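Everything on this sheet refers to the single structure shown next.
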Amino acid sequence: MDAGDIYRADLNEELSRRVLVVSVRQFHRLSGRALVVPEFRIPVGDVEPPWHLDIDGVVFAVDMLRSVTVDRLVERDGRCPAAAMANVRRVLQHIT
């Protein structure tokens, strides 16, 4: 698992949720954790804040960055395009 991977994760909710991994492989190996941003389900007609990014039709809430243990990332569900990952990093720099 590496930055840009999309996983189904167990976030202590009734259903699993897609998350975008933003931390790098070395961080995972050393800490046993991953920094992720969760999928955000917005009601139809609502406007997305600038820190919520649409990546291939899925909105990820960068402002909801969290750390989870790597064993909670249960199934790989795709990969984020490089240009979209650059946007994620840009948003993270602005809000941190």
(message) Can you tell me the length gained on complete extension of the stretch Met64 to Met1, counting 0.36 nm per residue apart and subtracting the Cα distance?
(response) 20.7 nm
(request) Treat the count of other C-beta atoms within 10 Å as a stand-in for reagent exposure and order Thr96, Thr69 from fewest to most. (result) Thr96, Thr69
(request) Could you pull the Cα extents of the stretch 5-95 along its three principal axes, largest to smallest, in whole Å? (result) 40, 31, 22
(message) On C-alpha positions alone, give me the angle between the axis of helix 82-95 and the longest principal axis of the chain, in degrees, nearest 10.
(response) 80 degrees
(request) Express in nm, to one decimal, how much length is gained between Leu30 and Arg17 on full extension, taking 0.36 nm for each residue of separation and deducting their alpha carbon distance. (result) 2.2 nm
(request) Name all residues of the stretch 10-29 having a backbone nitrogen under 12 Å from the label point set 7 Å from the Cα of Arg41 along its Cα→Cβ direction, giving them as ranges. (result) 14-18
(message) I want to check the label-to-label distance for Arg76 and Gln93. Put each point 7 Å from Cα in the C-beta direction and report it in nm to one decimal.
(response) 2.8 nm
(request) May I ask you to evaluate 6.51 cos²θ - 1.76 cosθ + 1.60, the Karplus curve with θ = phi - 60°, for each residue of the stretch 67-80 and list the ³J(HN,Hα) values in order in whole Hz, giving x for glycine and proline? (result) 9, 9, 5, 4, 6, 7, 8, 8, 8, 5, 10, x, 9, 7
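Only the coordinates and a few stated rules stand behind these numbers; no lab work does. As the structure is a computational prediction, the values presented were derived from the model and not from experiment. Neighbour counts are summed over all protein chains in view; Cβ atoms, including those assigned to glycine, are modelled from backbone coordinates with ideal geometry.
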